[in-house]
1. Count, please, the residues in the range 235-275 that happen to be free of Cβ contacts under 8 Å to residues at least 12 places away in the same chain and assigned to a helix (DSSP H, G or I).
2. Residue check, residue 287 against (1) touching a residue at least 40 places away in the same chain (Cβ under 8 Å); (2) within 26 Å of residue 226 (Cβ to Cβ), all met but one. Which one?
3. I'm trying to understand the selection: among the residues of the range 12-51, which are assigned to a loop (DSSP other than H, G, I, E, B) and at pLDDT 95 or above?
4. Going by the structure shown, is residue 78 closer than 20 Å to residue 35 by Cβ and at pLDDT 95 or above?
5. Report whether or not residue 306 is surrounded by 16 or more Cβ atoms within 10 Å (Cβ to Cβ), more than 18 Å from residue 260 (Cα to Cα) and at pLDDT 95 or above.
6. Can you pull out the residues in the range 83-106 that are without any contact (Cβ under 8 Å) to a residue 40 or more places away in the chain and under 18 Å from the mean Cα position of the chain (by Cα)?
7. What is the residue count in the range 264-287 for residues that are over 25 Å from residue 106 (Cβ atoms) and out of contact with any helix residue (DSSP H, G or I) (no Cβ under 7 Å at 6 or more places or on another chain)?
């Protein structure tokens, strides 16, 4: 696929996402009573109330880019957009009402996976694990597992959406790696899908980072999380040579974040869905960036933290890029990333180097 064929949809998607962001900010006095985030909250890292409907700009940009996408990739991208509507819709309802339960949003993202299966016929049928691969040979179990996996990744992206540019920058890294692997495999449709999605995210980021003028919100985070997860499903279905562990590593940082968070809250006897300020990015902001920039504003520290955390997403994704067909190397890479996450987390919470952060007692100094 010649890159020039994608220039128009990429430019259109970027420009429309940026334009809608600016329009949302210009009309804030009309919708601010609904779209502004709460002025308080345990996970709040900014000093001003900010609209949390940047997902609207992302989806608008992606839709505009889809119109201009070459025919070879238009159907695939169209199916992804349609499949992601439940996640976007329930997320937007939460952004505007602040009353949609976590369970409802989780079920909506699972429904996206089921809808994607009916539109494309694709689901996860193998994960390179004996026994489980046999079970995934049954269509019903395969679709159920796919829905669960898609919902997990979508929720993981929402969890890391806590600093300017963190979630969107991580998703851009994910999309870039998917695009590079797809290009190597000669899959023009997947490359086009990745580029248009990335362009929509980039248009949003021009306002979100480093200025922090608008947030993705649940609509944007869930839609992008689903999109990344569904790209993984498509890649595995269309290219059996790719190990199932490659997409897992591409999305390694948000997945590790959600797994460590669940274990941490379980150890502390807390609701696993309850918000807290103990995510890795929150600790980096409070324990590292605040020390490095003692006179920096909250906005500056927020944006610097987001940029620093891109490294956490780039490391596992880079391993996946180099070893996307080698299951053994990918498993070792995931173990290495989990080890490094645990070590850094322990250093930030227990103030010395050790490797048991996930099992820290409830009275640890976090």
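1. 4
2. With (1) touching a residue at least 40 places away in the same chain (Cβ under 8 Å); (2) within 26 Å of residue 226 (Cβ to Cβ) applied to residue 287, the lone miss is (2).
3. Result: 27, single match.
4. no
5. So residue 306 passes the test.
6. If the condition is that a residue be without any contact (Cβ under 8 Å) to a residue 40 or more places away in the chain and under 18 Å from the mean Cα position of the chain (by Cα), then 85, 86 are the ones that fit.
7. Residues in the range 264-287 being over 25 Å from residue 106 (Cβ atoms) and out of contact with any helix residue (DSSP H, G or I) (no Cβ under 7 Å at 6 or more places or on another chain): 1 in total.
Rundown of residues vs (1) crowded, with 21+ Cβ neighbours inside 10 Å; (2) within 23 Å of residue 191 (Cβ to Cβ), yes/no style:
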residue: 69; (1), (2): yes, yes
residue: 121; (1), (2): no, yes
residue: 139; (1), (2): no, no
residue: 154; (1), (2): yes, yes
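The values are calculated or read from the model by the stated rules, or taken from the named source; none is laboratory data. These numbers were taken from a predicted model, which means no experiment stands behind them. When we count neighbours, we look across all protein chains shown, and the Cβ atoms used for this are built from the backbone with ideal geometry, even at glycine.
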